[in-house]
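To keep things clear, I will list the structure first and then write my remarks on it.
The values are calculated or read from the model by the stated rules, or taken from the named source; none is laboratory data. All values derive from a computational prediction rather than experimental measurement. Note that each Cβ is placed from the backbone with ideal geometry, even for glycine, and that neighbours are counted across all protein chains shown. Side chains included, ligands, DNA and RNA excluded: accessible areas come from the protein's heavy atoms. Shrake-Rupley method; radii C 1.70, N 1.55, O 1.52, S 1.80 Å.
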Amino acid sequence: MDLLGSILYGFSVALTPDNLLYCFIGVFIGTLVGVLPGIGPVGAMSLLLPTTFHVSPLGAIIMLAGIYYGAMYGGSTTSILVNIPGEAASVVTCLDGYQMAMQGRAGPALGIAAFGSFIAGTISIIGLMLVAPPLAEAALKFGPPEYFTLMALGMTILIYLASGSIPKALMMAVLGIILASVGIDATSGKQRFTFGILELNDGIGLVPLVMGLFGISEVLLNLEQKVKREILKTRLKGLLPSRLDWRDSAKPIARGSILGFFLGILPGGGALISSFVSYGIEKRLSKDPSKFGKGAIEGVAGPESANNAATGGAFIPLLTLGIPANVVMAMLLGALLIHGLQPGPMLMKNHPDLFWGVVTSMYVGNAMLLVLNLPLIGMWVQVLRIPYRTLFPLILLFCLIGAYAVNYSQTDVLIMIIFGVIGYLMKKFQYEGAPLVLAYVLGPMLEDALRQSLVISNGSFAIFVTRPISAIGMVLAIFLVFSPLLPWVTKKRPVFKEE
Amino acid sequence: MGKPDQVSSLFWSILGLGVVYLSYRLGLGTLTHPGPGFLTFWSGVILCCLSAVVFFQGVRAQRGGTGVTLPQRWAGMAWPKSVYVIIALLAYVLTFTYLGFLLSTIVLLIFLFKGIEPETWRRAFLSAGLSSFISYILFGIWLQVQLPRGLLEKLLF
Amino acid sequence: MTKGKSRFIWAAAMAAWVLGIPAGVSYAAYPERPITMIVNYSPGGGSDLSARALAKYAEKELGQPVVVVNKTGAAGTLGVGAIAASKPDGYTIGVTTYSPLTMAPHMYDLPYNPLTDFEYIMGYGKYMYGPCVRGDSPIKTLKDLIDYAKVNPGKVKYSHPGLATPNNFGMIYLSKFTGAKWEGVTFKGAPEAVAACLGGHVDIVSQNPLDVVPYIKAGRLRLLASFCDTRWEWVPDVPTARELGYDFDVVSWLALGARKGTPAPIMDRLRKVFKNAMEDPEFLDILKKMHIPAAYRTPEEYKKLVEDGYIQNEKMIRELGLHKSQKKN
């Protein structure tokens, strides 16, 4: 079947009333779950999984997939409004999105997040349609040495994440690595820093960590201000992104989409890393990096596009090879199994209706989400008008429940509160949370990849440079680390900025 | 800048030393066969080194007069409120499973609505009750989150 | 008997009868509210979906919802720990798989004792294991692999999801029995382990049928042997290790259990209901799709499996140097 024929075929199955309904239910629940901090798509999907037993396989996957990318749309909402990531992947949006809200620009922030997500989603779906199988095979070539190099590259982005003092940012990164090591070390089987607490065997959860570090700490900081935030609410400068905003956001959206798409394909890559890398890249390429962290719309447009594109990319290994790139994909795999479908290399061949139906419904879903989310912007912005004394208890409550609901663990809630205090103190003493989170996510993967590579190579470090992909990455990483120093070395410091 | 940096960096160096020690005990392995403590050991070392850098930056700022003192950071802030909130949240977590969702949430919310910012008793009770009820419906029933059952739930259901 | 004594016995009998009535009545009314089923692995996986199918069936007979709650982490021990910490009133049950009960306790200090803290409802499924190589590899049989490994010492690598897993133990036992040597590379989970083999980064992948059968059918992977006491029903031509002359097998089990101390009438009810589930076509269908052979074991049989496994695995774990008493901290 030629490409156009397949696409039309896909639309014909995706646009049936049944499947449209499932799509809508999925994206709606996804948005809801994405907005609520803590509870994520996995929880919602596991709830709905039993109800899909009696639904057609295509309908089931459409709905469950809708929950997933719907959550990515919704996750940025609370990040922007109250500095609490609705999804862990939306952490980066907090950095500039919240600042924009504080400047009365919550509407444009939410708007560009929605539009960027839509464009990115579309681009990633096109990618999915055109190049899925070859990309999946290429992704298989990424073994431990390649992952190590990739993570090392990711770490270099850290340097660009910092708005303030570099030594402090590096300290936070190192701290992130240490925090990520808490738990059972898979390679040696030993418990690290668990102090006998069973729950810590599984480590410090990302979701409670991020909610506490960014969300709870922000509430605490706001509470102690004597001068209230009433000021901000009177200066709502329009609900949608302006022409200038669009001009600034165009390239970040494009870059973010492509970046997110490719990073999403790699198992373990994913939305969070894509959004961080996008942020770093935008800052690096920006003519005025200093505006990042203070409400730069590029800091919202790029990462939000990246994390949505990553959700599209994540489908590739699942649909073409049967390898789930993350926990959500693993659930979809389970759903496919329940419906008697064998995920794996044969899926596309044996069930083209499934593949094309899902892919085209993703497009439909993205469109639905845009239509759903845009009018809601007006509503969300009103939330900021609620007096803080009424708002903050609700914020705290939702965080508490959300953190508990992740794994039914009181320890998780405790961790969130503790990191709320730590985050508060960090902000007081001027340490940044973003480098910590990035290192926390990359650190374990870096360590695992290193140890795996060394076992494979029998202890030789040469493996990192003898394998082509890895070698290229290494060169790139070294370049990135030292390139800021280039002006000093060549004494070509630009005195005036070009305009 | 200044004193706060000195204080914070001191804290981090102590933490770093603790990490270095524990990592050493976990086992460093060799460069070609890193042990479980390898990465964290070096992380701890880097943490200590960087805290030294920050410490000296702080000293320099203080000497140069660009520093801020510790009390200044908290000047004009109603920081006791944050403390009360934290205590309330901790109390909530610890009694949550025993008292059950509804009761502990209502108590927490009354405290948060009333005890931190000025609010009338009536509004506090109303807001607390309404919010608890709505979140019970939203989370407990719609999203099927298994919220702990305690005294109040046993009475009502 | 003296008069006093017989009176005493009468009184005691009366008291027991009177006290017994409310107890009897309340057990007949069980369950009066929803039951929680704790699943110790992530949603969407084999353990999770099979448990959900059981829950669905049980709801019909018990008349109350059976709500699945995933409490994942730490190789399945967090969920099992939650069962051990629950009230033994019959309203919390859960999946009590084999390895958190027989392997993990030797490696970590856990807040539960696998030999005394649980009452089992039933064993219901088997996890199978076996080594696979890539489809395009020149290695066609287990013998080829052994020969290859002996000629190329230090070269052969296999992927597994954790040190104290049957996947890993299988490869280690095989190495001991054949004299061929290979080294294990730990990956985070099954998909990563499989991808590593498919991508050529390791030579062998040691996983459950669920994870590899689709690739075997597509020709991307080849199963060399079954590590279990029986062959894999999806690849019936491949012999077991034992058939090839290596006398060992590794297996793991899926089971349901509750906290010890749960009243006997409730346990009986649960056992009866879930035993009936083993005949439910929907449940059996799910097991089939998950590539988990249905394997009913009575509570006593499962208890014995756990006890035997506990002792047997302790030996292996000590040999590997992973026992908690062997670690410095």
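Quick notes on this structure:
- Restricting attention to region A:106-137, the residues being of a type in the set (A, V, I, L, M, F, W, C) and free of Cβ contacts under 8 Å to residues at least 40 places away in the same chain number 2.
- Of all residue pairs spaced 6 or more apart or on separate chains, those with beta-carbon atoms under 8 Å, a first member in region A:176-198 that is on the phi > 0 side of the Ramachandran plot and a second member that is crowded, with 21+ Cβ neighbours inside 10 Å and among the basic types (Lys, Arg) are A:Gly183/A:Arg192.
- Scanning region B:118-138 for residues that are within 11 Å of another protein chain (Cβ to nearest Cβ) and in contact (Cβ under 8 Å) with a residue 12 or more places away in the chain yields B:Ala124, B:Ser127, B:Ala128, B:Ser131, B:Ser132, B:Ser135, B:Tyr136.
- Top-ranked residue in region B:58-73 [being at pLDDT 75 or above and open to solvent by less than 70 Å² (accessible area, probe 1.4 Å); ranked as farthest from the other protein chains (Cβ to nearest Cβ)]: B:Gly64
- Scanning region C:214-234 for residues that are within 14 Å of chain A (Cβ to nearest Cβ) and either among the hydroxyl-bearing types (Ser, Thr, Tyr) or assigned to a loop (DSSP other than H, G, I, E, B) (or both) yields a total of 4.
- Single residue of region A:268-307 satisfying the filter (farther than 17 Å from A:Val91 by Cβ and not small (Gly, Ala, Ser)) that is least open to solvent (accessible area, probe 1.4 Å): A:Ile297
- Number of positions in region C:163-187 that are surrounded by 20 or more Cβ atoms within 10 Å (Cβ to Cβ), within 9 Å of another protein chain (Cβ to nearest Cβ) and of a type outside the set (Ser, Thr, Tyr): 5
- Residue within region B:104-111 that is at the interface with another protein chain (Cβ under 7 Å from one of its Cβ atoms) and modelled with pLDDT under 85 present: no
- Of the residues making up region C:32-50, those that are out of contact with any strand residue (DSSP E or B) (no Cβ under 6 Å at 6 or more places or on another chain) and facing chain A (nearest Cβ under 9 Å) are C:Ser42, C:Gly44, C:Gly45, C:Gly46, C:Leu49.
- In region B:1-19, the qualifying residues are those that are under 18 Å from A:Tyr440 (Cα atoms) and more than 7 Å from every other protein chain (Cβ to nearest Cβ), and the one that is farthest from the chain's Cα centre (by Cα) is B:Gly16.
- Top-ranked residue in region C:188-197 [being at pLDDT 90 or above and in contact with a Pro (Cβ under 9 Å, 6 or more places away or on another chain); ranked as farthest from the other protein chains (Cβ to nearest Cβ)]: C:Ala193
- For region C:70-81, a tally of residues being open to solvent by less than 10 Å² (accessible area, probe 1.4 Å) and among the β-branched types (Val, Ile, Thr) returns 2.
- Of the listed requirements (1) within 27 Å of A:Ser76 (Cα to Cα); (2) at pLDDT below 85; (3) crowded, with 22+ Cβ neighbours inside 10 Å, A:Leu150 misses just one: (2).
- Any hit, region C:283-298, residues being within 14 Å of chain A (Cβ to nearest Cβ), part of a helix (DSSP H, G or I), within 21 Å of C:Gly94 (Cβ to Cβ) and touching a Pro at 6+ places or on another chain (Cβ under 9 Å): yes
- Complete set of residues in region B:23-41 that are more than 7 Å from chain A (Cβ to nearest Cβ), in a helix (DSSP H, G or I) and more than 26 Å from the chain's Cα centre (by Cα): B:Tyr24, B:Arg25, B:Phe38
- Considering residues of region A:419-430 that are at pLDDT 90 or above and within 9 Å of chain B (Cβ to nearest Cβ) only, the residue nearest to the chain's Cα centre (by Cα): A:Gly420
- Boolean, B:Ile141 is open to solvent by 50 Å² or more (accessible area, probe 1.4 Å), at pLDDT below 85 and assigned to a helix (DSSP H, G or I): yes
- Test: C:Leu110 is at pLDDT below 95 and either away from every other protein chain (no Cβ under 14 Å) or open to solvent by 40 Å² or more (accessible area, probe 1.4 Å) (or both): no
- Taking the criterion of being of a type outside the set (Val, Ile, Thr) and open to solvent by less than 30 Å² (accessible area, probe 1.4 Å), the residues of region A:180-192 that qualify are A:Ala180, A:Ser181, A:Gly183, A:Asp185, A:Ser188, A:Gly189, A:Arg192.
- Residue among B:Leu10, B:Leu31 that alone is open to solvent by 50 Å² or more (accessible area, probe 1.4 Å), in contact (Cβ under 8 Å) with a residue 40 or more places away in the chain and outside the structural domain of B:Val145 (by TED's automatic domain parsing): B:Leu10
- Residue ranges of helices (runs of 4 or more DSSP H) in region B:59-137 with at least 2 members under 18 Å from A:Val421 (Cβ atoms): B:70-73, B:79-99, B:101-115
- When A:Phe24 is tested against (1) more than 14 Å from chain C (Cβ to nearest Cβ); (2) at negative phi; (3) surrounded by 24 or more Cβ atoms within 10 Å (Cβ to Cβ), just one condition goes unmet, and that condition is (3).
- Within region A:130-146, tally of residues that are open to solvent by 40 Å² or more (accessible area, probe 1.4 Å) and in a helix (DSSP H, G or I): 6
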